[in-house]
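What follows is a set of notes on a single structure, which appears directly below.
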Amino acid sequence: MTSAQAEARVEDRCDHLKVTLSNFGRRNALAPSMYVSLRAALEQAAAEDRLGAVVLTGADGYFCAGGDLNALATRAATSRDERRALIEDLHDTIRAIRACPRPVIAAIEGGAAGAGLSIALACDLLVAAEDASFTAAYVRVGLVPDGGLTASLARRVPAGFAARMCLTGDPVSATTLAGMGVVTDLVPPGKALARAADLAARFAQGPAAAQGTIKRLLASARDGDFDAQLDRKAEAMADALAAPEAAAGLKARLSRAVPDFGRGSSGAEKKETRR
C-alpha cells in the first residue's frame, strides 16, 4: 500500500466517532491524508452534542508506527520550508486533539511508536492492551521527537525516565506506563476498543459543556501557573453553577435519579464514512 492509500476511516457509532488509522503493511504509518480526516472528525464531534467522544485506534492490531520512513527519507531533498510545513501538519493535528471539547480516547493494541506515540499522548485517555509497547523511536533513525512528545512525557513521567525513553528509543510496556498513570485503562489483549467504546458511551450521557470546560481547565493547569489556574476555575465554576446542566444534574442527584443532560442520539444506524 502506498502512502496515497493510507487513510483514517471515520465511523459514526451514534454516541461517538471511531477513527481508525490504516496503512496496510506499514503498521499504520502516518500520511497527510490521515491528518485531514482526523481533524474533520474532531470538528464534527465538537459540533454535535450527541457525540460523547472520539475513539482513535489503528487497524490490524497495531495503533501507529509514526512517520513513514520511506517518505521521511526523501525529505532531505526538499526545502526547509517544505519540511517545516509537513511537521506543522502533524502539529496542527496534535493541537486539534487537545482543543477538541469532547474527550479523545486512544485505543491501543500492539503499540505506538514515534509520532504515533505523540498522537496517543495528546489524547485525554489511553486505553491499552497489556501486551502493547510504546517507543520514542526517533533517535533510532537519527531524528528528534516532534508532535509535542518531549513536552507530553515531561508532564507525565519522571525526568530520567523521559530522558531514557527519548535517548535510547527502547520500548516501554503498557504495564509500566499504567503504573505511572500514563495508560489510564489497562485491558487484556483485544479489548482496548471495547473499553474505549464503553467510556465513550458513558461520556455521551454526561454534561457536554462541563466536560469541555474540564478539558480546557486540565490543559491550562498543565501549561499555566497555579494562581492563574485558580482564577480560571473560579470563573468557570461561577458560570457552571448557573447553567442548565448543573440545574439538571443537581436536581437529579437530590432526587436520587439519573440526570438527563439533554444529549439525544440520532438513533440512526451506525455508519461508516471515509474522508
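Please go through the range 208-227 and pick out each residue that is farther than 19 Å from Phe261 by Cβ, open to solvent by 30 Å² or more (accessible area, probe 1.4 Å) and not aromatic (Phe, Trp, Tyr).
Leu218, Ala221, Arg222, Asp223, Gly224, Asp225, Asp227
Given the range 1-102, what helices (runs of 4 or more DSSP H) lie entirely inside it while holding 3 or more residues that are at pLDDT below 95?
Hits in the range 1-102: 69-73, 80-99.
Regarding Ala210, is this residue assigned to a helix (DSSP H, G or I), closer than 18 Å to Arg102 by Cα and modelled with pLDDT under 90?
No; evaluated as a whole, the condition is false for this residue.
Check Gln205 against each of (1) farther than 25 Å from Pro158 by Cβ; (2) touching a residue at least 12 places away in the same chain (Cβ under 8 Å); (3) open to solvent by less than 70 Å² (accessible area, probe 1.4 Å) and name the one condition it does not meet.
All conditions pass for Gln205, except number (3).
Just name the residue that is modelled with the highest pLDDT out of those in the range 245-275 that are open to solvent by 70 Å² or more (accessible area, probe 1.4 Å) and touching a Pro at 6+ places or on another chain (Cβ under 9 Å).
Looking at residues that are open to solvent by 70 Å² or more (accessible area, probe 1.4 Å) and touching a Pro at 6+ places or on another chain (Cβ under 9 Å), I get Lys251.
Restricting to the range 123-152, and then to whatever is open to solvent by 10 Å² or more (accessible area, probe 1.4 Å) and assigned to a helix (DSSP H, G or I), can you tell me which residue is nearest to Cys100 (Cα to Cα)?
Among them, the one singled out is Ser152.
Between Val127, Val187, Val183, Val139, which is without any contact (Cβ under 8 Å) to a residue 40 or more places away in the chain and not charged (D, E, K, R)?
Residue meeting the stated conditions: Val139.
Cβ-Cβ under 6 Å, sequence separation 6+ or interchain: first residue in the range 71-96 and open to solvent by less than 80 Å² (accessible area, probe 1.4 Å), partner not in a helix (DSSP H, G or I). Which pairs?
Between residues of the range 71-96 that are open to solvent by less than 80 Å² (accessible area, probe 1.4 Å) and residues that are not in a helix (DSSP H, G or I), the close pairs are Ile87/Asp146; Leu90/Gly147; Ile94/Gly147; Ile94/Gly148.
Mind counting the residues in the range 1-53 that are more than 30 Å from Ala209 (Cα to Cα) and in contact (Cβ under 8 Å) with a residue 24 or more places away in the chain?
The qualifying residues number 17.
The values are calculated or read from the model by the stated rules, or taken from the named source; none is laboratory data. The shown structure was predicted, so the numbers you read here are calculated from the model rather than taken from an experiment. For neighbour counting, all protein chains shown are included, and Cβ atoms are generated from backbone atoms with ideal geometry for every residue, glycine included. Quick note on the areas: whole protein, heavy atoms, side chains included, nothing else; ligands and nucleic acids left out. Shrake-Rupley method; radii C 1.70, N 1.55, O 1.52, S 1.80 Å.
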